[in-house]
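This report refers to the structure that appears directly beneath it.
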Amino acid sequence: MTFFPPHSRSGDDSKATHRNPARTLRAATLVARLQAMQKEINAKHFAVFRLNGNGLPATRKLTCVLDNWGPASEAMAHEFLKAMSEDMLAHLDSSLLPMLWNGNGEHQTAEAIDFARFTYHCGKRALGYSGFAFPVRLGAQGNGYVIFAGSYLDVASETVIDLHGRCCGVMTDLLASDERRILPAETLSDREIGCLQMAGDGYISEEIAEKLGLSVHTVNAYLGTATTKLNSVNRIQAIAKAIRLGYIS
């Protein structure tokens, strides 16, 4: 399993990561903690979603900042949010109960039978997997979800409580890491900001290259250096952090 999508593996980005072992260690530690939780409930994947735009309802959205969906991470995050974000945002406003959903397959079920009164079961069967979503509200930029996805997930009450607490710990550590401001010498260039803004608007590298009159390699290089400067583990997290720091909207 991997938490780096393919576009994060350019030569420049690999060198930058090698020069910053502390960043790599922090990311690896968080991933190891999430993988341990994932294995406890026989889930196949995890993902962490942060809430951006805490003001007007129209600006609020969930952004995937860490996952182990692998090479298809951006597509998986997009598919998940298209199906679930509206329900998740509404639930986060009203409750901190763990949220469960069933997949659209015959045996894709998420259950916490002895804890059913203290969970919220979403009625949608819009995804090809079932899962648990643990809401976290820490205030300001520390709100969101940690999710675990799989096929058949049957989790005991004490495990649900334990996982929820550990998910809050993961989000706390992510928030602490994100609040470290980048050095003035590492501020983003106009090109890096422009590429990040377009990536955040949903454009892929090829489309960004065409619109800006650049090569795809150059666009990926700008996105790679921006990701490194923002102390992020992948492009998705870099976009989320750029929004929080005011570089892009």
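The values are calculated or read from the model by the stated rules, or taken from the named source; none is laboratory data. These numbers come from a predicted model, not from an experiment. Positions of Cβ are generated from backbone atoms using ideal geometry, with glycine treated the same way; all protein chains shown enter the neighbour counts.
Residue pairs, Cβ under 8 Å, 6 or more apart or interchain, first in segment 199-211 and of a type in the set (V, I, T), second surrounded by 12 or more Cβ atoms within 10 Å (Cβ to Cβ). List them. Every condition considered, the pairs that remain are I208/C195; I208/M198; I208/A199; I208/L214; I208/V219.
If you check L34 against the conditions, is it buried (at least 19 other Cβ atoms within 10 Å of the Cβ), assigned by TED's automatic domain parsing to the domain that holds E158 and either more than 19 Å from T227 (Cα to Cα) or at pLDDT 95 or above (or both)? Taking the combined requirement at face value, the residue satisfies it. Within segment 72-92, residues that are outside the structural domain of I204 (by TED's automatic domain parsing) have Cβ atoms under 8 Å from residues that are β-branched (V, I, T) and at pLDDT 95 or above in these pairs: F80/I147, counting only partners at least 6 apart in sequence or on another chain. Yes or no: L174 touching a helix residue (DSSP H, G or I) at 6+ places or on another chain (Cβ under 8 Å), closer than 30 Å to N42 by Cα, modelled with pLDDT under 90 and hydrophobic (A, V, I, L, M, F, W, C)? Yes, satisfied.
Look at K39 and say whether it is surrounded by fewer than 21 Cβ atoms within 10 Å (Cβ to Cβ), over 15 Å from the mean Cα position of the chain (by Cα) and assigned to a helix (DSSP H, G or I). Judged against the criteria, K39 is a match.
In segment 51-164, counting only strands (runs of 3 or more DSSP E) that sit wholly within it, the ones holding 3 or more residues that are crowded, with 17+ Cβ neighbours inside 10 Å span 61-67, 99-101, 130-137, 143-150.
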